[in-house]
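The values are calculated or read from the model by the stated rules, or taken from the named source; none is laboratory data. Everything numeric in this text was worked out from a predicted model, so none of it was measured. Because the Cβ atoms are built from the backbone with ideal geometry, glycine has one as well, and the counts that use them run over all protein chains shown. Ligands, DNA and RNA are stripped out before the accessible areas are found, and what is left, the full protein with its side chains, is counted by its heavy atoms. Shrake-Rupley method; radii C 1.70, N 1.55, O 1.52, S 1.80 Å.
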Amino acid sequence: MKGNRYLGLDLSTQSITAIVLGFSEGDIRTFQLNFDETFPEYGTSGGVFFGKEPGMVHSYPLMWIEALDAVMSMLRNEGLASSISCMGVSAQQHGTVYLNSMASSILGRLDPALSMKEQLEGIFSRDTSPVWMDSSTRRECEEITDILGGKIKVAELTGSVATERFAGPQIRKFWKEEPLAYKQTGHIALVSSFVTSLLAGKLVPVDTGDGFGTNLADVRTCKWSERAANSVAPDLAKKLPFLVKGDKIVGSLSEYLVKRYGFSPETTVITGSGDNPSSLAGLGMVENENIKAISLGTSDTYFGYQSELIRKERSEGHIFGAADGRYMFLLCFSNGSLAREGVKKKYGLSWEDFSDILEMSRPGNSGRIMLPWFLPEITPLVLEKGIHTFGGLEENDVQASVQAFAEAQAMSMFIHSQWPGARPAEIVVTAGGSRNRGLLKVISRVFGIGVRTLEISDSAALGAALRAAKCHMDSGKGLVSWAELTKDFSTARKGNLILPDPEEVKVYQSEGGLINLYRICERWALSGEGNPEEAISHFRKKF
């Protein structure tokens with residue numbers, strides 16, 4: 001362990017982050033590049049572009065290649081490259097990268113005198129990549145669902161219902177609309193396996209952490225499902241990367257990166273994974289079922305570790321693989337930081353203002369409710385964006401609107417996270433929104449338990465580095481447990497515990513409380529059932 005450094009790369013929607021861990025020094029070095037700011041020539045907004053078709057959201061794999069090159073330059077210039085023993089990749093889940101039959105050979109013979117971008121422009125059969133924000137495949141989801149026998153059957157097989165942003169529906173749409181380009185596609189990578197292939201200089205497998213987020217894998221056998229693949233497109237199984245269970249070393253760092261940036265030829269690379277399974281590792285939650293996590297990022301997620309699959313009929317949430325080859329559950333809410341930024345901008349607030357309003361708020365907001373679907377929502381499924389208000393919530397009431405918004409995000413998480421089993425003993429909050437103490441206080445009130453943050457909010461990049469360290473140490477037969485590995489970089493770096501007032505918790509969780517009122521309002525907005533006004537009146541009389 002001593003003397004070695006480990007690199008974790010996280011390619012998120014909006015940026016690329018590199019974290020270098022030094023175990024002997026106990027230090028963490030962080031580097032980050034924002035896509036919009038660093039590469040304005042691509043014209044992205046929040047790292048993506050919105051297509052002419054409703055719900056179409058893509059990004060540019062060439063931009064990701066440039067970003068990787070830029071980060072490698074930073075590591076060389078900081079004198080860190082030669083000390084890195086192993087690398088791991090985390091990436092936004094569900095995005096697909098379409099490569100032609102020449103990609104494999106070109107990756108293996110890059111000239112270190114030239115940039116990756118100028119040598120890899122010709123490896124794509126499709127110039128853009130649909131990402132997790134894309135909701136343009138509703139028809140394809142319905143077709144896959146019909147072929148496989150209904151929503152519950154799809155979820156039982158693949159870990160999720162057929163989901164718009166997932167690789168399966170996205171690939172089916174590509175095959176239907178561009179059959180010639182699909183035929184010319186030799187390999188379909190997920191974003192994590194694509195970036196890992198750039199590191200290794202060859203096409204590499206994908207892990208179950210990311211592979212389960214496709215609607216293409218059997219979560220019980222941990223292999224691609226022939227039935228699922230056949231429901232999507234012809235000959236698809238031949239175009240997918242090999243699927244592996246848990247973290248493994250996939251090879252040495254490419255000769256190109258060794259020569260161009262000064263890395264050691266002994267540096268190894270592990271299987272890439274999605275940002276959520278990587279965050280599970282970064283938060284010290286692998287093999288720990290007592291803690292659950294909330295990530296307040298571009299999208300918000302609620303997730304936790306599972307030693308065994310939960311056999312419960314459901315149509316919400318997802319099952320992914322974990323770094324140790326077991327499982328994690330996750331619920332995703334698309335109205336995350338982009339929605340928070342919208343509220344902040346609308347009222348001209350700083351993050352400090354936003355936090356102060358929430359810290360001074362009285363629990364319950366006098367029964368004023370907001371359903372803040374600024375974007376089409378994933379959980380619950382809402383295909384048309386729209387903001388609904390109840391209880392006389394007035395748009396020009398800044399305090400009440402901010403509180404209603406924050407409470408809505410937390411209550412939606414609470415309501416839709418019933419199926420994964422027992423409630424946690426504690427919640428760890430990560431990503432950008434975790435720096436806002438007011439948001440943490442609202443989450444603590446709604447869930448009725450203690451909430452902590454990490455000193456480092458980039459848990460996905462941290463998790464990628466820890467996964468690399470675990471694989472490297474295990475390969476040297478110096479086996480180390482997840483608890484031992486993460487104690488210095490996860491558990492010990494947690495911030496102070498925020499505990500809710502029990503009387504405030506009652507306002508949300510008691511019979512007839514605000515959570516029940518929110519549930520009624522949501523049901524009314526989605527199906528027209530229920531009577532929100534009657535429930536609001538009852539809440540106000542009680543609280």
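Descriptive notes on the structure:
- Cut-off 20 Å (backbone N to label point 7 Å along Cα→Cβ of Lys385), residues of the stretch 130-148: 130-139
- For the peptides 357-363, 170-176, the ranking by packing is 170-176, 357-363, with the highest mean count of neighbouring Cβ atoms within 10 Å listed first.
- Placing pseudo-labels 7 Å out from each Cα toward the beta carbon at Lys259 and Phe49 gives an inter-label distance of 3.4 nm.
- Backbone HN-Hα couplings from phi across the stretch 81-91 [Karplus 6.51/-1.76/1.60, Hz, Gly and Pro as x]: 4, 5, 9, 7, 8, 7, 10, x, 10, 10, 8
- Length-normalised contact order for the stretch 1-112 - Cα pairs under 8 Å, 6+ apart - percent: 29 percent
- Inter-part distance, the stretch 374-388 to the stretch 99-159, computed on C-alpha centroids, equals 25 Å.
- Accessible surface calculations at 1.4 Å, restricted to protein heavy atoms, place the stretch 1-150 at 38 Å² per residue.
- Helix 167-177 and the longest principal axis of the Cα set of the chain meet at an angle near 70°.
- Note on Lys487: aspartates and glutamates with a C-alpha under 14 Å away, same-chain residues under 8 apart excluded, are Asp27, Glu287, Glu455.
- Averaged per residue, the stretch 243-345 has 32 square angstrom of accessible surface, using a 1.4 angstrom probe with ligands and nucleic acids left out.
- Accessible surface of Ile520 - all protein chains present, 1.4 Å probe, nearest 10 Å²: 30 Å²
- Per-residue HN-Hα couplings for the stretch 358-372 [Karplus 6.51, -1.76, 1.60; θ = phi - 60°; Hz; x = Gly/Pro]: 6, 5, 8, 6, 8, x, x, 6, 6, x, 8, 10, 10, 9, x
- Pairwise label distance in nanometres, Glu395 with Asp111, each label 7 Å out on the Cα-Cβ vector: 5.8 nm
- Translational D in µm²/s for the chain (Stokes-Einstein at 37 °C, 0.692 mPa s, Kirkwood Rh from C-alpha pairs): 139 µm²/s
- Rolling a 1.4 Å probe across all protein chains gives Met87 an accessible area of roughly 0 Å².
- Here the label points at Glu78 and Arg435, each 7 Å from Cα along the C-beta direction, are separated by 1.7 nm in the simple model.
- Solvent-accessible area of the chain (1.4 angstrom probe, protein heavy atoms only): carbon and sulfur portion equals 48 percent.
- Relative packing of 247-257, 110-120, 265-275, which averages over residues the other C-beta atoms within 10 Å, highest first: 265-275, 247-257, 110-120
- Contact order normalised by residue count of the chain, Cα under 8 Å, 6+ apart, percent: 15 percent
- Projected area, mean over directions - the stretch 261-340, Cα convex hull, nm²: 7.7 nm²
- If R0 is taken as 22 Å, the Cβ-Cβ distance between Ile152 and Leu526 corresponds to a FRET efficiency of 0.70.
- Surface accessible to a 1.4 Å probe, per residue, for the residues of the stretch 390-543, Å²: 42 Å²
- Sequence-distant aspartates and glutamates (8 or more away, or on other chains) whose Cα lies within less than 17 Å of Lys385: Glu53, Asp134, Glu164, Asp300, Glu341, Glu377, Glu522
- Long-range Cα-Cα pairs in the stretch 381-455 (distance over 22 Å), rounded percent: 34 percent
- Pairs from the table (Lys173/Lys344; Lys151/Lys223; Lys292/Lys441; Lys292/Lys541; Lys292/Lys470; Lys117/Lys183) lying more than 28 angstrom apart at Cα are Lys173/Lys344; Lys292/Lys541.
- Efficiency of FRET between Ala422 and Glu359 - r from beta-carbon atoms, R0 25 angstrom, step 0.05: 0.25
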